[in-house]
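Quick one: the structure is below, and I'll ask about it shortly.
The values are calculated or read from the model by the stated rules, or taken from the named source; none is laboratory data. Note that the coordinates shown come from a computational prediction; the quantities given were computed from them, not determined experimentally. In this analysis, Cβ positions are derived from the backbone assuming ideal geometry, glycine residues included, and neighbour counts consider all displayed protein chains.
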Amino acid sequence: MDRRQKTVFASAVILLVLVVGLWGIPFGNKQLAVSELTDEHIGKRVHVNGTVAVGTLRSMDNGSTILFTLTDGRSDVNVSYVEHQPVNLIEGKHAAVIGMSLPNHTISANQIITKCPSKYSTEATPLETTE
């Protein structure tokens, strides 16, 4: 193989790795604040950030459906999530939901993203060791 063929082959391999690595990543899905949701988003997949409003987190159907209100302080949106409650989904804490925007100012979420409290904690906690 001459030098030109090696360069073309290496470029093709790099391009293939990039395509496979980026496959399935939603590039056009802009993250929105709750107050940025409009009627134009109805029927579309949305990614919305906010805070779980205090007093709104509840479950139905033996915990298999989670309902809560997401707020950004200016506007609210109701969220329904048909899965068991994520461990870190807590009232008053940040959450991001991805799902379908519905006409009744509700999001039917299929994914909820929360922060791990221990990962972002500012307090240092000693490690426990067993001897």
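When you scan segment 56-103 for strands (runs of 3 or more DSSP E) that lie fully inside it, which ones turn up with 1 or more residues that are under 16 Å from the mean Cα position of the chain (by Cα) and polar (S, T, N, Q)?
So the answer is 65-71, 76-81, 94-102.
To keep it simple, each residue is scored yes or no on (1) within 16 Å of ILE112 (Cβ to Cβ); (2) acidic (Asp, Glu); (3) surrounded by 14 or more Cβ atoms within 10 Å (Cβ to Cβ).
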position	(1), (2), (3)
VAL20	no, no, no
LEU32	yes, no, yes
LEU37	no, no, yes
THR51	yes, no, yes
VAL77	yes, no, yes
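Also, I was wondering about something else. Right, GLY99: farther than 16 Å from VAL34 by Cβ, modelled with pLDDT of 90 or more and either in contact with an Asp or Glu (Cβ under 8 Å, 6 or more places away or on another chain) or small (Gly, Ala, Ser) (or both) or not?
For GLY99, the condition - farther than 16 Å from VAL34 by Cβ, modelled with pLDDT of 90 or more and either in contact with an Asp or Glu (Cβ under 8 Å, 6 or more places away or on another chain) or small (Gly, Ala, Ser) (or both) - is not met.
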